[in-house]
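Notes for the one structure printed next.
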Amino acid sequence: MVFFTQKILRKIPGNWTFVVVTDRNDLDDQIYKTFNAVGAINEDCQAESCEGLRQLLKEDHKMVFTLIQKFQWEDVAEPVTLCDDVIVITDEAHRSQYDTPARNMRKALPNASFIGFTGTPLMEGDAVTRDVFGDYVSVYDFSAAIEDGATVPLYYENRIPELQLINEDLNDDLNRAIEDAMLDEEQETRLEREFLREYHLITREERLDKIAEDIVSHFMNRGYMGKAMVVSIDKLTAVKMHLQENISEEELALFDILTKPEIELTQKDKQQIEKAARQLLEILKREKLVLDWRKKQQARADVLYTIEKVLDDDLPRSFSTDLYRMKCELVYQHVYDNYYGAGRSIYNVAS
């Protein structure tokens, strides 16, 4: 937006006024601060109220920043200015541009030009957005963003094939479906019917258990710290998955150490191990991981003893003596490598 306004001012003579419109306070502030930070504005031109917006539009300002919701006042049907050198720059153009405030804006600025920006892929609403703002001026799509390194590639990996997903061309098919998402009423009905038919299979409890386990395993073994996002089929399933995965990143690390490589465990065993990991971390962080504990022989001994005591008390009886000892050593090494003491750890740094 900054580049666009500056190029207009540099290339096309005129007394231009740019009205930058969005629909959320945080976006309005963010855009205003961006223009201010690069020296594109040198005055207070952010509308604080409906009446404040109308006053700014009546005056001679190079830039005006506002929420679209502020295009509401008593005689809103009357034009505020008839100037044709006003350019309205709309952020998030795929939304908030088709209701009363948007109509009010166009009545207030009947001779203005409009350009829309959006970072959201346009599918069902695409036709409406193009009707309002006209054809595309510039398109920066997902593949271009990947080539530039602005975003990471999106891959589909069928990790749990129990629903017999056998389409080897699924990635291409998904991309075509996204591009051709304009469905008629019959197609929507058929899609909904097919979707509902598989819903109970997709969301059954044992399948969600397996997915939760797979998420834990993949996240902890992908080789780097970072974040992850879980997308569920609906809100109810999202809540179920949250309950399935209600374990912190630190607890996940211990859980992974205690359960990998694969050993024969029941669901009850896994719940018991998860509880042991949580309790061990609580005790260590509250009582044992003091400042510079790794440099003190007694402190190191206390940490190892605590690990052995908690795991001996809380691990399932299916753990043999040799397996128990090995897990104690692995957990101690993990704690030594990743917890510095006095509340500091690799997890604090990563967050």
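Does Ser138 satisfy the criteria of being over 30 Å from Asp84 (Cα atoms), loosely packed, with under 13 Cβ neighbours inside 10 Å and at pLDDT 80 or above? Spell out how you get there, then give the answer.
Values: over 30 Å from Asp84 (Cα atoms): no; loosely packed, with under 13 Cβ neighbours inside 10 Å: yes; at pLDDT 80 or above: yes.
Answer is no for this residue.
What helices (runs of 4 or more DSSP H), lying completely within segment 235-319, carry at least 3 residues that are of a type in the set (Lys, Arg) and at pLDDT below 90?
Working: elements: 235-244, 249-259, 267-283, 297-314.
Filter on segment 235-319 gives 267-283.
Is it true that Asn25 is over 27 Å from the mean Cα position of the chain (by Cα) and of a type in the set (S, T, N, Q)? Spell out the reasoning first.
Working: over 27 Å from the mean Cα position of the chain (by Cα): no; of a type in the set (S, T, N, Q): yes.
The answer is no for Asn25.
In segment 25-40, what residues are in a loop (DSSP other than H, G, I, E, B), surrounded by fewer than 16 Cβ atoms within 10 Å (Cβ to Cβ) and in contact with a helix residue (DSSP H, G or I) (Cβ under 9 Å, 6 or more places away or on another chain)?
Start the filter on segment 25-40 by keeping residues that are in a loop (DSSP other than H, G, I, E, B), which leaves 38-40.
So of that shortlist, the ones also surrounded by fewer than 16 Cβ atoms within 10 Å (Cβ to Cβ) come out as 38-39.
Val38 - this is the single residue of segment 25-40 that is in a loop (DSSP other than H, G, I, E, B), surrounded by fewer than 16 Cβ atoms within 10 Å (Cβ to Cβ) and in contact with a helix residue (DSSP H, G or I) (Cβ under 9 Å, 6 or more places away or on another chain).
With respect to Leu174, is the statement that it is loosely packed, with under 10 Cβ neighbours inside 10 Å, out of contact with any strand residue (DSSP E or B) (no Cβ under 9 Å at 6 or more places or on another chain) and either over 30 Å from Ser320 (Cα atoms) or modelled with pLDDT of 80 or more (or both) true? Full working, then the answer.
On the way: loosely packed, with under 10 Cβ neighbours inside 10 Å: no; out of contact with any strand residue (DSSP E or B) (no Cβ under 9 Å at 6 or more places or on another chain): yes; either over 30 Å from Ser320 (Cα atoms) or modelled with pLDDT of 80 or more (or both): yes.
In short, no.
Which residue is surrounded by the most Cβ atoms within 10 Å (Cβ to Cβ), if the candidates are limited to segment 273-298 and must be free of Cβ contacts under 8 Å to residues at least 24 places away in the same chain and within 20 Å of Glu250 (Cβ to Cβ)? Working first, answer last.
Of the residues in segment 273-298, the ones free of Cβ contacts under 8 Å to residues at least 24 places away in the same chain are 282, 286-288, 295-298.
Add one more test, that the residue is within 20 Å of Glu250 (Cβ to Cβ), and what stays is 282, 286-288.
On the way: Glu282: 12, Arg286: 8, Glu287: 11, Lys288: 20.
Ranking the candidates gives Lys288 first.
The values are calculated or read from the model by the stated rules, or taken from the named source; none is laboratory data. Owing to the predicted nature of the structure, the values given are computational and were not obtained by experimental measurement. Note that we place each Cβ from the backbone using ideal geometry, even for glycine, and neighbour counts take in every protein chain shown.
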